[in-house]
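All remarks here apply to the structure that follows.
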């Protein structure tokens, strides 16, 4: 596993990047989940799976300080959650920008560099060099001066990852960042995120509808469904018996080559009908 809580004898234990203790969350009268305990170590890659409406994105919002918990607490790098925490980078789902958007690619990344300052963003010495470094890190240097509205979905998503990396965060929250991307761009975006984890020891919490593009990189899976949750390694969680018990109805985990397919999950996404790849 890439992220580990073990330390060598005599070494100083590292502060967890994320600690969730006794967390509960309600949406109106409905309980999304309760009693959630999660400790994330530096460099750990955790996938968050479960059906739509199970509270995956809401969990990320709570970590960002945007959604209060109904019970429990969340700490980031040992401190209570708060809005605008620069230790956290956020990568949203890919949504295409309007073709007539006049902002250039480098301008979009620059918002991540300058956006944490109070008031109107004013370029500072060194900002351009930092933006250039981020563009290079996400493989976007060759289209840095193109209008973002004319870029492909994969190119736009590289820029959003560049924004998220601007403050060299210790925790990356990724909210379905591969949605609407073709396979090649899924691999490219995943590689960028995983490289940040390996090179800077950043932890990753990765919400996804399809575990397959990231399966080989995942240390643990948090699977939320029906107000309940499971936490364990992919081999521990992605089993027919385990998911059947979680959902309370027959669910089958099948292997198709090097891919996993989960069959029979209730409330599946409409475009997947009844059979779909292991999805959130």
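The values are calculated or read from the model by the stated rules, or taken from the named source; none is laboratory data. Because the structure is predicted, anything quoted here is derived from the model rather than measured. Every residue, glycine among them, receives a Cβ derived from its backbone with ideal geometry; neighbour counts consider all protein chains shown.
Is region 95-103 home to any residue that is surrounded by fewer than 17 Cβ atoms within 10 Å (Cβ to Cβ) and in a strand (DSSP E or B)? Taking every residue of region 95-103 in turn, none turns out to be surrounded by fewer than 17 Cβ atoms within 10 Å (Cβ to Cβ) and in a strand (DSSP E or B). Surrounded by fewer than 21 Cβ atoms within 10 Å (Cβ to Cβ) and touching a strand residue (DSSP E or B) at 6+ places or on another chain (Cβ under 7 Å): does that describe residue 233? So residue 233 fits the description; yes. Only a single item in (1) surrounded by fewer than 18 Cβ atoms within 10 Å (Cβ to Cβ); (2) touching a helix residue (DSSP H, G or I) at 6+ places or on another chain (Cβ under 7 Å); (3) closer than 20 Å to residue 157 by Cα is not met by residue 192, and it is number (1).
Scanning region 34-63 for residues that are in contact (Cβ under 8 Å) with a residue 40 or more places away in the chain and over 19 Å from the mean Cα position of the chain (by Cα) turns up just one, 34.
Residues that are in contact with a strand residue (DSSP E or B) (Cβ under 8 Å, 6 or more places away or on another chain), closer than 24 Å to residue 50 by Cβ and modelled with pLDDT of 90 or more are absent from region 136-150.
From the list 254, 222, 243, the one residue that fits, being without any contact (Cβ under 8 Å) to a residue 12 or more places away in the chain, outside any loop (DSSP other than H, G, I, E, B) and in contact with a strand residue (DSSP E or B) (Cβ under 9 Å, 6 or more places away or on another chain), is 254. Pairs meeting the criteria (first residue in region 64-82 and without any contact (Cβ under 8 Å) to a residue 24 or more places away in the chain, second residue in a strand (DSSP E or B), beta carbons under 8 Å, at least 6 apart or on different chains) are 80/73; 80/74; 81/74; 81/75. Among the residues of region 237-251, are any within 20 Å of the chain's Cα centre (by Cα), surrounded by fewer than 17 Cβ atoms within 10 Å (Cβ to Cβ) and within 23 Å of residue 20 (Cβ to Cβ)? Checking region 237-251: not a single residue is within 20 Å of the chain's Cα centre (by Cα), surrounded by fewer than 17 Cβ atoms within 10 Å (Cβ to Cβ) and within 23 Å of residue 20 (Cβ to Cβ). Total residues in region 17-36 satisfying the condition of being modelled with pLDDT under 95 and in a loop (DSSP other than H, G, I, E, B): the figure is 2. Name, by its number, the condition in (1) at pLDDT 90 or above; (2) outside any loop (DSSP other than H, G, I, E, B) that does not hold for residue 169. All conditions are met except number (2). Consider region 48-68 and keep the residues that are touching a helix residue (DSSP H, G or I) at 6+ places or on another chain (Cβ under 8 Å) and at pLDDT below 95. The one that is surrounded by the fewest Cβ atoms within 10 Å (Cβ to Cβ) is 68.
Among the residues of region 195-214, just one is surrounded by 17 or more Cβ atoms within 10 Å (Cβ to Cβ), in a helix (DSSP H, G or I) and out of contact with any strand residue (DSSP E or B) (no Cβ under 7 Å at 6 or more places or on another chain), namely 213.
In this structure, is residue 39 under 22 Å from residue 86 (Cα atoms) and outside any strand (DSSP E or B)? So residue 39 does not fit the description; no.
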